[in-house]
Amino acid sequence: MTAAPVATDSVVARPEAGTGRLQLEALTKRFTGRSGTVTAVDQVTLDVRAGEFITLLGPSGCGKTTTLRMVAGFEDASTGHIRLDDAVIDHLPPQRRPMAMVFQSYALFPHMTVAQNIAYGLRLQRRTREEIATSMRMALTSMNLVGMEDRSPHELSGGQQQRVALARALVVQPKVLLFDEPLSNLDAKLRDAMRAEIRRIQKMFGITSIYVTHDQDEAMSMSDRIVVMNKARVEQVATPGEIYARPSSVFVADFIGRANFLEAVPERIDGTSAVVTVLGRQLTVAAHPTVAAGGVGTYLMVRPETMRLTPVTDGGTGIGVVLRSTFHGPSIDYEVETTAGTVTVTEVGKDPREALGEGTNVDVTIDPERAYLLTQD
Amino acid sequence: MTVLLSEPAPAAGPTAAGPRRPRRDLGVQALIIASIVLVTIGAVVPLVAVLATAFGSDALPRYAEFFTSSVDLTILRNTLVLGFLVGVCGTALGFLFAFVQARLDVPGKKILHVIALMPIVSPPFAVATATVVLYGRRGVISNGLFGIEYDIYGLDGLVFVLSLSLFPVAYLGLLGMLRGLDPALEEAAMNMGATRWQILRTVILPLLAPGLVAPFLLLFVEAIADLANPLVLGGDYTVLASRAYLAVTGEYDTTSAAVYCVILLVPSLAMYFGQRWWLNRKVRTTITGRPSGSVHLVTGWARWPIYGLALLAAAVIVSLYGTVIVGAVTRVFGVDNTFTLDYLKEVVLGVGSEAVLDTLTFAAIATPVAAFFGLVVAWLVVRHLHRTAWLLDLGGTLGVAVPGTVLGIGFVLAYRPDRYIGDFQVFPSLVGGGAIAGGAFAIVLAYVVRSVPAGQRTAVGALTQLHPYIEQASTDLGASPLRTFRWVTLPLIRPALLTGLSYSFARSMTSVSTIVLLVTPETKIITSQVLSAASTGRYGVAFAYCTVLTALVLVAFALIRLVVGAGVSLQRTVTSERQKR
Ligand SMILES: Nc1ncnc2c1ncn2[C@@H]1O[C@H](COP(=O)(O)OP(=O)(O)O)[C@@H](O)[C@H]1O
Ligand SMILES: [Mg+2]
């Protein structure tokens, strides 16, 4: 599925370098229906740098699609503003916004061939025949669609349809590319390939992109930054690494990857670090700004793969007892009963034949560098 | 436990007899036979009678005559031109209403929807009669308002009336299709810079184009099969249906009539089955994934001219039906506008009461029978028959595929004479003076056969969507197929039953073309009374009949819904009738 290497000057001219900055200012959308008013998007503020690939990530119904559709102009914001390169575009209809969307259903025109689909936007722009032919050839090459020009969309596989949809969006030289769960109709293998493909193309053209997904793995692997949304609001905006290591809330930590939450009472707070006693050890860990000394509802977030189990061999009892082990191939998951509740510990790269048996007494150690102190909401 | 033990072992392998098809349940067999008998006596025998007469030795020279006679050729051309024009105009009108309904941001769309459905529940020539009164030479509007002496009789009047009467089918079909378009397609176009007009031209119309073919063909068939309107409004413009009718009733020349019927049958059947084939093709309009996005209604100034056009059409429809109602209580509408209840009295209490009563009785008998057989034929076709399914399906459909006039003439040919084998009378005369029960049997049979297809189609649609596992679960528990049908299938497809009943009743009450050939002095039918009143210029009486008839249909709809339950709106009712598969 990997595309042939492509010359970087391919397809069409890139948008002028440095354009495509997109700002959402306290964007809010309320739907009024028979059953009352729903706030689908609540005060979303976001500054997307030109050329940046940003993902809106969150559970179903949290308002991702609505946000994207407001950016595209399909929905009017109830309040708030959208700026593109500093100009307010709130009142521009979708036709006049220099953006292109890749739909979840691809929305390829079934009555047109691949070539006609791709040329559609160019025809609307009244480009000359030569220009259309050039853009088309380059789009087909860079999307690995050469030879399929005359096929009808339903004669293509899901992945190919996806690439046609992307090509159709790209040739119109949008300043912003919008994606609404574009990979959710593909099978797992193809999905991985398409992630790389989309990211490669996006980097090649340097087009500002907003990508909606509910798949955290997709978000982590593709994005420059991730916007985690929950219940119509933004929970956190940060790079994938930051989101993973320093989630701003229990919700984010739980939604992105797996996490143990160990109840902890901060004894001392010193700027962004705090001292807590967890599983019988005093640790100095990084803390979220909302954490207060002596506060209740504070948890130490520890990723399962940052914990270590050591069997207690000399007949003594450790901190915990192994309840269950699950073998996953490259890793082994243990559920360990401890004084602080049941925790999950992942060991990577161990010989599975040396897995700890159920009932083994173990000591559990936490890497304080990689733990993070959070408050519940 | 004993029950379980007495059950045959489920895993039993092939018996000594080897693998065999399970023997058909007796009840199912009985239903198959009953359906075949109904289809045979109601449609196949009359059709064969027509064909036998039309290809009998004394008929053959008529073809040469037909194809050399300029009069006859003109009739053929008239018929085809009428079908074509009604197909085009009716489909265009249907598209106009559907587009306004689905895509314009304008007020009053609910009312517009109801207006567009009005022609379904009224007898076909109510519009024709009202048209003469309003838009004819002495028309209240054409002459009274605009001072024009317009001759509405002829092709123009027929196209006008038939398009207005028949377009609801096109409207509902196209509305369903427009609503079914993935809105994301339009958004994709919008997103790439297409204007409203460009979206309509490059996306919506090309996608709907295949969908325009089926309503066109259907309207074509219905237009060339229509008899009542050419009789009332045709003037010198003769079509095959009215020519055949005249041959039977005026010239007593059944051979000529049969020949005209066969010539009418060819385009009818071709178009009808062409339409079915077209609908059944596997067309891919959507590709992957579920529809997404939302519909963006047209809000700009461009909506107003389109809306205006639809309003104009709606105003015409309302004026016509208004005339029917007002005309029923006015001495001479447009000339002597004094209020009178005489016409309604004549219809409800006077000479007309007999017709109203007879019609109601026959329709009340025919409706459940037709709905029942519609369901049964569908159930047999979808669930129980395999290789022979298409044959029964086809048989059940003959009632609408064959033009009503042809069917009526078939009845006359097949059932008017007493049938003897030797000296023994096996079949008494069913049609005409001296027929048993005054011809009532033939009339009810004609109602049933004409109404079965609507119920059948709805039920085929409903059953196809119902997963067979649901029924298999019941049979696995030991229920016989009939029990399963009664207790599982029927409740699940109740909306289809409701549709079947409503449609059967409406069709029975308003059908003309077959019935006018079957009425006898003892059996009077509202529609044939209207026809004679309208063609003798007694418009007040005709309007009174139409008003009463429409009221009866609406009351029956309410009653049927009350009895059967299931809150299904008329729209749903009718659209589901249109969806087959
Ligand atoms: N057109 C609409 N009318 C009413 N409510 C809507 C509409 N579109 C979305 N919503 C509601 O807004 C909320 C957010 O929806 P959406 O943006 O589609 O979520 P997501 O894409 O994150 O799954 C949901 O509760 C949804 O029901
Ligand atoms: Mg969504």
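The values are calculated or read from the model by the stated rules, or taken from the named source; none is laboratory data. In this text the structure is predicted, and so the values were computed from the model without any measurement. Positions of Cβ are backbone-derived with ideal geometry, glycine not excepted, and every protein chain shown enters the neighbour counts. Heavy atoms of the whole protein, side chains included, go into the accessibility calculation; ligands, DNA and RNA do not. Shrake-Rupley method; radii C 1.70, N 1.55, O 1.52, S 1.80 Å.
Can you pull the percent of the range B:340-575's accessible area that's carbon plus sulfur, 1.4 Å probe, other chains left in place? Present the calculation step by step, with values, prior to reporting the outcome.
Values: 6160 of 9430 Å².
Reported share for carbon and sulfur atoms: 65 percent.
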Query raised in the report: Full extension from B:Ser57 to B:Ala30: what is 0.36 nm times the residue separation minus their Cα-Cα distance, to one decimal in nm?
Result: 5.8 nm
Query raised in the report: Percent antiparallel among DSSP beta bridges with both residues in the range A:22-245, to the nearest 5?
Result: 55
Query raised in the report: Roughly what would the spin-label model give for B:Glu522 and B:Val351, points 7 Å off Cα along C-beta, in nm?
Result: 2.1
Query raised in the report: Label-point separation (nm) for A:Phe327 and B:Ser319, each offset 7 Å from Cα along Cα-to-Cβ?
Result: 8.7
Query raised in the report: What distance in nm separates the simple spin-label points at A:Ala87 and B:Ala479, each placed 7 Å from Cα in the Cβ direction?
Result: 6.7
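Using a Förster radius of 41 Å, what is the FRET efficiency between B:Thr255 and B:Val88 based on their Cβ-Cβ separation? Nearest 0.05, please.
Details: r = 35 Å, r/R0 = 0.84.
Rounded to the nearest 0.05, the efficiency is 0.75.
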Requested in this report: Could you work out the local net charge near A:Asp363, counting Lys and Arg as +1, Asp and Glu as -1, over the other residues with Cβ closer than 15 Å to its Cβ?
Outcome: -2
Query raised in the report: Please identify the chymotrypsin sites (Phe, Trp or Tyr not before Pro) of the range B:166-274 that satisfy two criteria: DSSP loop assignment and at most 12 other Cβ atoms within 10 Å. Which are they?
Result: B:Tyr252
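What is the calculated FRET efficiency for A:Gln125 to A:Thr37, with r their C-beta to C-beta distance and R₀ = 35 Å, to the nearest 0.05?
0.35
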Query raised in the report: For A:Ser184 and B:Thr361, what is the calculated FRET efficiency with R₀ set at 60 Å and r taken between the beta-carbons, to the nearest 0.05?
Result: 0.50
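Would you tally the net charge around A:His91, using a Cβ to Cβ cut-off of less than 11 Å, leaving A:His91 out, and scoring K and R as +1, D and E as -1?
Net of charged neighbours comes to 0.
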Report task. Just subtract the alpha-carbon distance of A:Thr317 and A:Thr284 from 0.36 nm times their residue separation and send over the number in nm, one decimal. Result -> 9.3 nm
Query - Which listed pairs, of A:Lys64/A:Lys203; A:Lys29/A:Lys175; A:Lys231/B:Lys110; A:Lys189/A:Lys231, have C-alpha distances above 26 Å, in listed order - result: A:Lys231/B:Lys110; A:Lys189/A:Lys231
Requested in this report: Quickly estimate the mean residue ellipticity at 222 nm for the protein assembly as shown, helices only: each DSSP H run with n ≥ 4 gives -39500 (n - 2.57), and the total goes over all residues, rounded to 500.
Outcome: -15500 deg cm²/dmol
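Using a 1.4 Å probe, what is the accessible area per residue for the range A:22-245, in Å²? Present the calculation step by step, with values, prior to reporting the outcome.
Working: 8700 Å² over 224 residues.
So the range A:22-245 comes to 39 Å² accessible per residue, rounded to a whole number.
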Query raised in the report: Considering only DSSP beta bridges with both partners in the protein assembly as shown, what is the antiparallel share in %, to the nearest 5?
Result: 75
Query raised in the report: What accessible area per residue comes out for chain B, rounded to a whole number of Å², with a 1.4 Å probe?
Result: 44
Query raised in the report: With solvent modelled as a 1.4 Å probe, how much accessible area in total do chains A and B shield from it at their shared surface, in Å² to the nearest 100?
Result: 2400
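On a full-extension model of 0.36 nm per residue, what is the gain between A:Arg30 and A:Asp76, subtracting their alpha-carbon distance, rounded to one decimal in nm?
Numbers: separation 46, 0.36 × 46 = 16.56 nm, distance 0.98 nm.
My answer for the length gained is 15.6 nm.
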Report task. Distance from a point 7 Å along Cα→Cβ of B:Arg137 to each backbone N in the range B:229-243: keep the residues under 19 Å and list them by number. Result -> B:230-238
